[in-house]
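For reference, the structure discussed in these notes is given below.
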């Protein structure tokens, strides 16, 4: 559970807000500090949002995109070529990175109520034209980086297009940043494959929302625009049918499993993080297809809260299955269609949840007003219903 | 001299592997690779040049060189740790092998 300093509870937040607005400068500083401290426990973002205009005045919040050009070198971030609000440059890589990070920001902001990668308006930095003939895109812990693929080769020899061409790739990279600030899943074996899978999930949701596609209408392909016609393949990964994205003389065959029976043990690729992610990817796909409609509305919500509030650096597939199953019950009701869909999704990939009664305690109840103790009821009154989904520490 | 390069990880997770024998390459390319190895001081490099870093989808590299005297050395590294000379060498070897296997 979260702890609060008792002193912070003596003065109700609405009084603090009044002091902050009307008090002396010293009182305002004190009130601001007390408000922000007491609001720091997870979930009270709304409190922060209310005081943000005053308390965080120097900090610009909202969508702030910066696109840089590495000019085919490897120095990051490179030369700034487009800032938030600037018109298109005419360079496709620059403008795709700008638009794509905007679509991803909008998904997290408008659907999940999250302000950027860190939840506090972190500036979104992207570098394009990284090195030459660079077949990759990555998140380096601070920013997104995109190569041009094989664009320097004659068309007949190209395998990869520029990596900004697929919107879900941009969403994928930005989501690695979100994961870094939330579950902090280590980049190795199952936690790493979950890290990868969450990036594919929110990458495809970014694409589906931009195209206004339902779960049934989406192709569930990751990186469909990256492969040229010289490659025998349709994408880098298939969330619906892992292992079927490509089968090519040079690139080899898509190695992704779609079931725990086919889990790949390897030291390559950080323990197969891009390989075994096929398993949780397919669990999400099946859940979303079971539910129908727009995948970001229910399946996406469940997965987002799992990433934000429940998973931890060492979480494995079973932990993710349990977390999403429990969240579905808390958000939509025990035994709801949503919870059944989550169970089906994981069952189809060989992971069982919800077969036995869960010994875990139920959701943390919203505190009820207690006369004479102003802090809790006021704080609770501004809580979004979902914010009671506390992070559950493993024992 | 034989140069063997493995690159794994990255957004695609596709493992790419290539090997060249400098004796069978055009002299200009062989000379370029020898120069890169000399500038990198390859045989004096630690076997693990991996830089621990946050982030995701970054390449991992393994470069093995056997020179004409039979001396063999392998260096394992990643996007954040690879020296520029090895980056250029890995690129040349992987590109060359890709074209070869395409024939």
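Kindly indicate which of A:258, A:293 is closer than 29 Å to residue B:54 by Cα, modelled with pLDDT of 95 or more, part of a loop (DSSP other than H, G, I, E, B) and more than 13 Å from chain B (Cβ to nearest Cβ). Spell out how you get there, then give the answer.
Values: A:293 fails: closer than 29 Å to residue B:54 by Cα.
The match here is A:258.
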Has segment A:263-271 got at least one residue that is buried (at least 21 other Cβ atoms within 10 Å of the Cβ) and either assigned to a loop (DSSP other than H, G, I, E, B) or over 19 Å from the mean Cα position of the chain (by Cα) (or both)? yes
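Counting just the residues of segment A:151-172 that are at the interface with chain B (Cβ under 9 Å from one of its Cβ atoms) and surrounded by fewer than 24 Cβ atoms within 10 Å (Cβ to Cβ), which one comes out farthest from residue A:260 (Cα to Cα)? Write out each step before concluding.
Narrowing segment A:151-172 to residues at the interface with chain B (Cβ under 9 Å from one of its Cβ atoms): A:153, A:157, A:159-160, A:163, A:169, A:172.
Right, trim to surrounded by fewer than 24 Cβ atoms within 10 Å (Cβ to Cβ) and you get A:153, A:157, A:159.
Numbers: A:153: 39, A:157: 37, A:159: 31 Å.
Filtering first and then ranking leaves A:153.
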Is it fair to say residue A:195 is in contact (Cβ under 8 Å) with a residue 24 or more places away in the chain and assigned by TED's automatic domain parsing to the domain that holds residue A:300? yes
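Among the listed residues A:163, A:138, A:112, identify the single one that is outside the structural domain of residue A:316 (by TED's automatic domain parsing) and farther than 16 Å from residue A:97 by Cα.
Details: A:163 fails: farther than 16 Å from residue A:97 by Cα; A:138 fails: farther than 16 Å from residue A:97 by Cα.
Testing whether each residue is outside the structural domain of residue A:316 (by TED's automatic domain parsing) and farther than 16 Å from residue A:97 by Cα leaves just A:112.
Tell me which strands (runs of 3 or more DSSP E) are completely within segment A:28-136 and hold 2 or more residues being modelled with pLDDT of 95 or more, buried (at least 18 other Cβ atoms within 10 Å of the Cβ) and within 14 Å of chain B (Cβ to nearest Cβ), or say none if there are none. Even if it seems obvious, please write down each step before you answer.
On the way: elements: A:65-69, A:79-83, A:124-128.
Answer list for segment A:28-136: A:124-128.
Conditions tested, residue by residue: (1) in contact with a strand residue (DSSP E or B) (Cβ under 9 Å, 6 or more places away or on another chain); (2) over 20 Å from residue A:309 (Cβ atoms); (3) part of a loop (DSSP other than H, G, I, E, B).
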{"site": "A:187", "(1), (2), (3)": "yes, yes, yes"}
{"site": "A:190", "(1), (2), (3)": "no, no, no"}
{"site": "A:197", "(1), (2), (3)": "no, no, no"}
{"site": "A:201", "(1), (2), (3)": "no, no, no"}
{"site": "A:216", "(1), (2), (3)": "no, yes, yes"}
{"site": "A:219", "(1), (2), (3)": "yes, yes, yes"}
{"site": "A:224", "(1), (2), (3)": "no, yes, yes"}
Taking segment A:137-150 and the residues there that are in a loop (DSSP other than H, G, I, E, B) and in contact with a strand residue (DSSP E or B) (Cβ under 6 Å, 6 or more places away or on another chain), the one that is farthest from residue B:78 (Cα to Cα) would be A:150
For segment A:239-253, state whether one or more residues are crowded, with 24+ Cβ neighbours inside 10 Å, out of contact with any strand residue (DSSP E or B) (no Cβ under 7 Å at 6 or more places or on another chain) and within 14 Å of chain B (Cβ to nearest Cβ). yes
Since residue A:175 meets every condition but one in (1) over 29 Å from residue A:316 (Cβ atoms); (2) buried (at least 24 other Cβ atoms within 10 Å of the Cβ), which condition does it not meet? (1)
Identify all residues within segment A:151-177 that are in contact with a strand residue (DSSP E or B) (Cβ under 8 Å, 6 or more places away or on another chain) and part of a helix (DSSP H, G or I); write none if there are none. A:168, A:169, A:170, A:172, A:173, A:174, A:176, A:177
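The values are calculated or read from the model by the stated rules, or taken from the named source; none is laboratory data. Note that the coordinates shown come from a computational prediction; the quantities given were computed from them, not determined experimentally. Positions of Cβ are backbone-derived with ideal geometry, glycine not excepted, and every protein chain shown enters the neighbour counts.
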